[in-house]
Structure formats: C-alpha cells, structure tokens
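The values are calculated or read from the model by the stated rules, or taken from the named source; none is laboratory data. All values reported here derive from a predicted model rather than from experimental measurement. Cβ placement follows ideal geometry from the backbone for every residue including glycine, while neighbour counts extend to all protein chains displayed.
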Amino acid sequence: MNNLRGDEDVDERTIHCALCGREIKHNQAWPHVDGDSNLGVKKIDYFCSEEHKAEFFGL
C-alpha cells in the first residue's frame, strides 16, 4: 500500500518541511530516517534544506 494518488509519481509528491512547514517536492527534500535495520523504519522527517535539518536536530 502506498500514499500515491492515481498516476502520481514518487518524485511529484508534495510534502512539508518538518521545521518550517514549507511545501516542497519529494525529490527536492532532505530526508531523515529514524529507525534501524533490526526494528525497521519508525518515522521519516523531510526538510526543505540541509540547514533546517541541522537546526531541527540541534547540530
């Protein structure tokens, strides 16, 4: 099961930055995957820039 609608491609999906809420295309996002190989993926956060990703995690 996926969250795509009809003929929508993964690269065309619109998502929101976890820090500022700005709408961005999936193929332009900076993702962060929370999880590991034993337990699997728990959550994926997307960011509109590398700077917002770093700011969100306090780096």
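How many of the residues making up the stretch 28-52 are surrounded by 13 or more Cβ atoms within 10 Å (Cβ to Cβ) and among the small types (G, A, S)?
Total satisfying the criteria: 2.
Can you tell me which residue is modelled with the highest pLDDT among those in the stretch 1-55 that are out of contact with any Leu (no Cβ under 9 Å at 6 or more places or on another chain) and basic (K, R)?
The residue in question is R22.
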